[in-house]
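Here the structure is laid out as C-alpha cells; the discussion comes afterwards.
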Amino acid sequence: MLLAKHFGTHSYPSVRDIADELGYSRSLVHKTLANSKQIAVANAADWRDEKLRPQSSVFAALIAINKADSRHWELWGTTASVSCRRRFLRCDPHVRLVGQAYLRLFYLVWQQPRTPSYPNRRLSWRCQSPYGVTSYPEVICPHCILPYWDRDYLLHLEIDKDPALVSMFDRDGNKALEASFKPSGAVSASVAATGSTHSGGILAAGGLTTKDGAVRQFIARTDAEGHVVELITTKGTFRPRRVCETPDGNLWTLGYDWDSQNSPGADRNILRRFDRKGMVASFISFDSIGNSRESVSQIASGKSYLRCGADRVSLYLGPLALYFEVDVSSGRVSRWNVDMSSVVGSKTDGFAVTDAGGVFVALANAPETGGQRKYGLYELTAPANGTVASLTPVQGFPTSQKAPNGILVRLWGADGNDLVVSTGDNSGLSWVKLLPVDN
C-alpha cells in the first residue's frame, strides 16, 4: 500500500515505491533515475509554478516529462509551452516510463488518507509467512563478510578485493552499484561501515592514510551513479562503526574514540551528526554506557545498531540492552533500559525500524544440549514517560527447534513497513509483512 507520507511533504517516492507500484526491477528504475540527472539539470528551469517545484532536480525532470502530456498538465493545474513539450517527448522512453510511475504514485497518494502511526499506543503484531526469497551468492555465503541491509539495499564491504570498495545489491539480487572510497590523495583507505542514501547512493565510513603518513577517519557518500560526491575527514581519532542518512541529508555515525580517555577536553560522545561542512552535534556520553573498555566493545562487537528515520535516529546497544532515540529537529535524547526478563535469550540477531516507526529486535539464546536453540522476534515499545522499554513477541514464528527450518534466525532490517529476514531453511533474504492484532 502506498504511504501518503509523500504528499504535502519534502519527501518523494523512492526507487522501491516506483518499482513495487509498476512491477519493474529496482535496478532498472535505479539506473533510469541516474541517467535522467542531466535532463533534470537542463530542464528544471521550465518549471513555472514555484509551489510545485521540488527540491530534487531528478524528480523535477521526471514529473516535467509527464507534463508534456496536456492531460497531466491539466491535472497539475498549469500549462506547458510548446518547446517544453517537444523537448521532453524526445526523451528516452525508459525515463518517460519512470516519470509516469511518479505521477501515478502521486495521484494515488492524493486520494489516500495518511497512514496513521501510534508511537505511544501498545499494539501486538503477527507476521505472515516469509515471501520473496532472494539469494545473494556473492555476499551471503560461508566465510563471507556479513553484509548490511539499509533501506532498499544490501551492501557489502569488498575487503577481500579492495578494502575501500563497497558493492550495493537491490532486492532482486542484482548489483546496482559499486563505489571506491579511496581519495586520489590517499595512500590507502578502508571502509568499516556502510549504508544507503535516500537517492540510491552509497554511504561509507572508515579510515585513510595520506601521502605524508597522517591517519584520518572519513565519512562519505556517492550519487546514484556511484561517484563520490562528498567526503568529510574528521578530526581526532573517532572511529565510526555505523552510518546512516536522515531525509534532511545529514549523516549520523555511531563510533568511539579510544584515545579520548587520555584527553580530558576531548569529545567523548559516541553518536555524531554531520552536515556537508562537518560535524554539527554529538550525543550520548562514552561514559554513560559503562567504562571505556566496555563501551568500545559494545560498539565494535557488531551487535549495536543505528537506524535513521524521518524524524528520529534510533540506536540499540544489544549487549547492554539499552535503547536510545534522538529527535532530529530538537536534538533531544531519550534513553530506555530494555526489559529482557521474558525473552528467549539475550543474543541480538538483528534490529529494524519500519517507515511507520515500529521498532523490532530479533533475539536468541545460547545453544542448549543437543544443539537446540530458541529464537524470537519482538517489538520494542519505548514509553514516552518512562525509562524502561518492553519487548512484546511478534506472533507467527515458532521459537524453538533443533533444525530451525522456517524459523527466523536473523533480522536484517526493514524494507518500508516489511521486515527483511533470514530463516533456517534458506541462505538468502526473505520479506515478512506485519499485521496488527487487537489487544
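The values are calculated or read from the model by the stated rules, or taken from the named source; none is laboratory data. On a predicted model such as this, the values are computed, not experimentally measured, just so you know. All Cβ positions, even for glycine, are placed from backbone atoms using ideal geometry, and neighbour counts span all protein chains on display.
Here are the numbers:
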item: Considering residues of the range 148-163 that are crowded, with 22+ Cβ neighbours inside 10 Å and over 13 Å from the mean Cα position of the chain (by Cα) only, the residue nearest to GLY413 (Cα to Cα); result: HIS156
item: One residue from ALA321, ALA300 being under 27 Å from GLU230 (Cα atoms), out of contact with any Gly (no Cβ under 8 Å at 6 or more places or on another chain) and at pLDDT below 95; result: ALA300
item: Residue within the range 221-229 that is polar (S, T, N, Q) and either assigned by TED's automatic domain parsing to the domain that holds ASP355 or surrounded by fewer than 20 Cβ atoms within 10 Å (Cβ to Cβ) (or both) present; result: no
item: Residue match in the range 341-363 (condition: touching a residue at least 12 places away in the same chain (Cβ under 8 Å), assigned to a loop (DSSP other than H, G, I, E, B), touching an Asp or Glu at 6+ places or on another chain (Cβ under 7 Å) and of a type outside the set (A, V, I, L, M, F, W, C)); result: yes
item: Any hit, the range 177-185, residues being over 30 Å from GLY318 (Cα atoms), assigned to a strand (DSSP E or B) and touching a helix residue (DSSP H, G or I) at 6+ places or on another chain (Cβ under 8 Å); result: yes
item: GLU178 over 19 Å from GLU158 (Cα atoms) and not assigned by TED's automatic domain parsing to the domain that holds TRP412; result: no
item: Scan of the range 200-257 for residues that are acidic (Asp, Glu) and part of a strand (DSSP E or B), ordered by number; result: GLU230, GLU245
item: Qualifying position, being at positive phi, at pLDDT below 95 and buried (at least 22 other Cβ atoms within 10 Å of the Cβ), among GLY200, GLY173; result: GLY200
item: Any chance SER295 is of a type outside the set (A, V, I, L, M), crowded, with 22+ Cβ neighbours inside 10 Å and either farther than 23 Å from LEU203 by Cβ or at pLDDT below 85 (or both); result: yes
